[in-house]
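The values are calculated or read from the model by the stated rules, or taken from the named source; none is laboratory data. Note that the structure is a prediction, hence the values are computed from the model and not measured. Every residue, glycine among them, receives a Cβ derived from its backbone with ideal geometry; neighbour counts consider all protein chains shown.
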Amino acid sequence: MRRSTGQTVGVETIESSEPSEPGVRVVFICTGNICRSPMGDVVLQHLAGRHVLADGTTLGDRLEVTSAGTGGWHAGEPMDPRARDVLERRGYVDHGHRAQAFDTAQIAEVDLVVCMARGHRQTLAGLARARAGDYRHEDRLVMMRSFDRRAGGDPDVPDPYYGELADFDRCLDLVEAGCIGLVEHLAGLLEAGSMEEG
């Protein structure tokens, strides 16, 4: 798994001894980057590290994964302890997350911006259009639940922040379901040669 090392989202300095191969840069987005989006980051890294591609590498070897918020309200803070608790109870490990705001200046360097709710997508779409002057980056903005076959017509992962621990468990259920589908999607694109660094 290639990890970005800085505090600014997007393509950052990568410390890796792996050979340079085509990869996919994925950023998970929620509001403050302390609950939903870091859960997505942790879950995708975990699942991708276990998914073996046809060439014998893992999907995790071909990804750069991070997360951010639509705003910097919690910048520098760790993951919400309730989010970390539900992740750890299911066998996931927090990789030392620190909250950060998404930098739209780097949207062109990210392959997928996985939004937890419609409001996040709308906010980033508006910022991306304002920066680029057109709609060229909108196809990179996707909804987390669009990868969940059971999502039906509900596109949002509800914010558990003001809820109870049970709300964090439910949030993780939705994030896991979305990440399972996202792993299948990314693996299919990479194996078909449809996603290259660009």
Failed criterion for Arg145 (all others in (1) surrounded by fewer than 20 Cβ atoms within 10 Å (Cβ to Cβ); (2) part of a helix (DSSP H, G or I) hold): (1)
Whether any residue in the range 99-112 is farther than 21 Å from Glu138 by Cβ, in contact with an Asp or Glu (Cβ under 9 Å, 6 or more places away or on another chain) and outside any loop (DSSP other than H, G, I, E, B) is what I want to check. no
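Per-residue answers, yes or no, for (1) of a type in the set (D, E, K, R); (2) more than 13 Å from Val114 (Cβ to Cβ):
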site	(1), (2)
Val142	no, no
Asp154	yes, yes
Val157	no, no
Gly193	no, yes
So Gly49 ticks every box in (1) buried (at least 22 other Cβ atoms within 10 Å of the Cβ); (2) touching a Leu at 6+ places or on another chain (Cβ under 9 Å); (3) assigned to a helix (DSSP H, G or I) but one. Which box is left unticked? (1)
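Kindly indicate whether any position in the range 71-83 is assigned to a helix (DSSP H, G or I) and either acidic (Asp, Glu) or surrounded by fewer than 22 Cβ atoms within 10 Å (Cβ to Cβ) (or both). Give the derivation first.
Residues of the range 71-83 that are assigned to a helix (DSSP H, G or I), as a first pass: 81-83.
When the remaining residues are screened for being either acidic (Asp, Glu) or surrounded by fewer than 22 Cβ atoms within 10 Å (Cβ to Cβ) (or both), the result is 81-82.
There is at least one residue in the range 71-83 that is assigned to a helix (DSSP H, G or I) and either acidic (Asp, Glu) or surrounded by fewer than 22 Cβ atoms within 10 Å (Cβ to Cβ) (or both).
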Quick one: would you say Gly91 is surrounded by fewer than 17 Cβ atoms within 10 Å (Cβ to Cβ), more than 17 Å from Cys179 (Cβ to Cβ), out of contact with any Leu (no Cβ under 9 Å at 6 or more places or on another chain) and not hydroxyl-bearing (Ser, Thr, Tyr)? no
Return the pairs, sorted by first residue and then second, in which the second residue is at pLDDT 85 or above and surrounded by 14 or more Cβ atoms within 10 Å (Cβ to Cβ), the first residue lies in the range 122-135 and is over 15 Å from Asp111 (Cα atoms), the beta carbons are less than 6 Å apart, and the residues are 6+ apart or on different chains. Thr123/Thr70; Leu127/Thr104; Arg131/Thr104
Of all residues being closer than 14 Å to Val110 by Cα and not polar (S, T, N, Q) in the range 57-81, which is nearest to the chain's Cα centre (by Cα)? Just the residue, please. Val65
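Return the only residue of Gly163, Gly153 being farther than 29 Å from Arg62 by Cα and either at pLDDT below 95 or not in a loop (DSSP other than H, G, I, E, B) (or both). Step through it out loud before you land on a result.
Values: Gly163 fails: either at pLDDT below 95 or not in a loop (DSSP other than H, G, I, E, B) (or both).
Exactly one of Gly163, Gly153 is farther than 29 Å from Arg62 by Cα and either at pLDDT below 95 or not in a loop (DSSP other than H, G, I, E, B) (or both), namely Gly153.
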When you look at Val26, is it in a strand (DSSP E or B), within 15 Å of the chain's Cα centre (by Cα), within 16 Å of Glu184 (Cα to Cα) and modelled with pLDDT of 95 or more, yes or no? yes
Does at least one position in the range 156-167 carry a residue that is surrounded by fewer than 17 Cβ atoms within 10 Å (Cβ to Cβ), touching a helix residue (DSSP H, G or I) at 6+ places or on another chain (Cβ under 8 Å) and either of a type in the set (S, T, N, Q) or more than 29 Å from Asp55 (Cα to Cα) (or both)? yes
